[in-house]
Amino acid sequence: MKAKSIQANSTEELKVALEQSIADGFKPTLAFIFCSIKQDIKAICSLLEAHDITIYGNTTAGEFKDDYQGEGSIVGLLLDANPEWFTLLFETIGDRNGKDVARQIGEDALKKFKKPSFIITANGITEKGEAIDGESIIRGIEESVGPDVSIIGGTAGDDFLLTGSIVFTNGTSSQKAIMALVMDEEKVAINGLAISGWKPVGTVKTITKSEGGWIHTIDDKPALEVFLNYMGRISLDDDSPDPFYHIGFSYPLQYQKPSGNTAMCSPLMFNKVEGSLLCEFNLPTGTKFRFSLPPDFDIIDEVIAKSKEVKSQKNIEADALLIFSCAGRLSTLGPLANTEIEGLKEIWNAPMAGFYSYGEFGRAPNEQPEFHSTTISWATLKEK
């Protein structure tokens, strides 16, 4: 399976990049497209559809490929995969339960492949300012396919506007949907890893009232008050030089899952009047968590070291590389966020594309697939 990565700042530039990619006879059948919400998504789709290319696309909080990192642009990863090896499933959620939708996606995948693997995305923020429950997506697919299923991906961003992200494919797009690229694992090997690096601090606390992503009280006290007491003195004025989500990404909540594993969830917005916090996804009443400290820059070494270990232990090679990195890593690490992306690219030495996301799907070391925050999740694809 051959792959090529491309980058453009407009649909016109994308057309040129695509034409250059296929000039040598390369015939892509599948395109991962990660782009700014400011780009013309309909025009992008029309361009790729004219070449009979299946589109897996979403908006971002920043984009990157082999030798590029930026924002407001378009990046793509083109593959000439056999169309019999994959299928793309797109389901608008609407008023349905996200877990039920994910379960249906899993059932549909099993109708196509005996052993399916999933590269998934969903809207990190909907047009109503709600957060998609990524945890329910994982559990829904697992209920259909089983606990050993491979699930990797990232949720769509919207350039930090927090007004609604977009997921799109051939002929359709949505601000509240789940999309899965399902691959036949008997034909294409997908390997990956999800790593965070944030360390817990302080005592265990309990969410005592929450609804729809909003945490209202922690230990029966206003959530915003508890968070600010932990943070110390920070400005909540509208003219603050740092938007609140930058603070939330740096100091995420490490919550306990029923499985006993921990995962991350970052506060994105606050309501000063109600004293509440809006998080990336819903943490139900009764959830226990600890606060976090921003990581040391040695987490980059940890990401690279663990990835090298996986490659060595499993003797993995790659035809292509996808990377889903939390927008919080960019916010916290700054330019060094690109260092770990470059390090992963160097390890695998394969065409790469990815984006900064509002939530990540993947398997942490020695764990089942989970939905994460402040995490970098990568996946290699290799024809068997």
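The values are calculated or read from the model by the stated rules, or taken from the named source; none is laboratory data. Keep in mind the model is a prediction, meaning the values are calculated, not measured. Neighbour counts run over all protein chains shown; Cβ positions are idealised from the backbone, glycine included.
Which of the residues belonging to segment 146-195 are among the aliphatic types (A, V, I, L, M), under 23 Å from Ser46 (Cα atoms) and outside any strand (DSSP E or B)? Write out each step before concluding.
Going residue by residue through segment 146-195, those that are among the aliphatic types (A, V, I, L, M) are 149, 151-152, 156, 161-162, 166-167, 177-183, 188-190, 193-195.
This time we only want the ones that are under 23 Å from Ser46 (Cα atoms), so: 156, 166-167, 177-182.
Result: Ile166, single match.
When you scan segment 1-87 for strands (runs of 3 or more DSSP E) that lie fully inside it, which ones turn up with 2 or more residues that are farther than 17 Å from Gly157 by Cβ and at pLDDT 95 or above?
On the way: elements: 3-8, 30-35, 54-59, 63-65, 68-70, 74-79.
Here the list reads 3-8, 30-35, 54-59, 74-79.
Let me spell it out: the conditions are (1) under 19 Å from Ala379 (Cβ atoms); (2) touching a Phe, Trp or Tyr at 6+ places or on another chain (Cβ under 8 Å); (3) surrounded by fewer than 23 Cβ atoms within 10 Å (Cβ to Cβ); (4) of a type in the set (A, V, I, L, M), and Ile141 meets all of them except one. Which number is the exception?
Looking at each condition in turn, Ile141 falls short on (3).
Of everything in segment 61-78 that's in contact with a Gly (Cβ under 6 Å, 6 or more places away or on another chain) and over 16 Å from Met352 (Cα atoms), which residue is surrounded by the most Cβ atoms within 10 Å (Cβ to Cβ)?
Top of the filtered list is Ala61.
Run Leu283 past the list (1) at pLDDT below 80; (2) part of a loop (DSSP other than H, G, I, E, B); (3) closer than 28 Å to Gly362 by Cβ and report the number of the one that doesn't hold.
Answer for Leu283: the failing condition is (1).
Being among the aliphatic types (A, V, I, L, M), modelled with pLDDT of 95 or more and in the same structural domain as Ile37 (by TED's automatic domain parsing) narrows it down to one residue among Ile178, Ile132, Ile93, Ile125; which is it?
Details: Ile132 fails: modelled with pLDDT of 95 or more; Ile93 fails: modelled with pLDDT of 95 or more; Ile125 fails: modelled with pLDDT of 95 or more.
One residue alone meets the criteria, Ile178.
Residues being more than 15 Å from Ile195 (Cβ to Cβ), in a helix (DSSP H, G or I) and among the aliphatic types (A, V, I, L, M): count how many of those fall in segment 340-360.
Adding up the residues that qualify gives 0.
Does segment 123-145 include one or more residues that are within 17 Å of the chain's Cα centre (by Cα), part of a strand (DSSP E or B) and over 19 Å from Gly192 (Cα atoms)?
So far as segment 123-145 goes, yes, one or more of its residues are within 17 Å of the chain's Cα centre (by Cα), part of a strand (DSSP E or B) and over 19 Å from Gly192 (Cα atoms).
Tell me, please, whether a residue that is at pLDDT below 85, surrounded by fewer than 22 Cβ atoms within 10 Å (Cβ to Cβ) and outside the structural domain of Phe371 (by TED's automatic domain parsing) can be found in segment 248-257.
Checked against the condition, which is being at pLDDT below 85, surrounded by fewer than 22 Cβ atoms within 10 Å (Cβ to Cβ) and outside the structural domain of Phe371 (by TED's automatic domain parsing), segment 248-257 yields at least one hit.
Only one of Ala318, Ala305, Ala337 is outside any strand (DSSP E or B), farther than 20 Å from Ala61 by Cα, in contact (Cβ under 8 Å) with a residue 12 or more places away in the chain and small (Gly, Ala, Ser). Can you tell me which?
On the way: Ala305 fails: in contact (Cβ under 8 Å) with a residue 12 or more places away in the chain; Ala337 fails: farther than 20 Å from Ala61 by Cα.
Among Ala318, Ala305, Ala337, only Ala318 is outside any strand (DSSP E or B), farther than 20 Å from Ala61 by Cα, in contact (Cβ under 8 Å) with a residue 12 or more places away in the chain and small (Gly, Ala, Ser).
Before we move on, is Ser331 in a strand (DSSP E or B), closer than 30 Å to Thr203 by Cβ, of a type in the set (Ser, Thr, Tyr) and in contact (Cβ under 8 Å) with a residue 40 or more places away in the chain? Walk me through how you get there before you give the answer.
On the way: in a strand (DSSP E or B): no; closer than 30 Å to Thr203 by Cβ: yes; of a type in the set (Ser, Thr, Tyr): yes; in contact (Cβ under 8 Å) with a residue 40 or more places away in the chain: yes.
The answer is no for Ser331.
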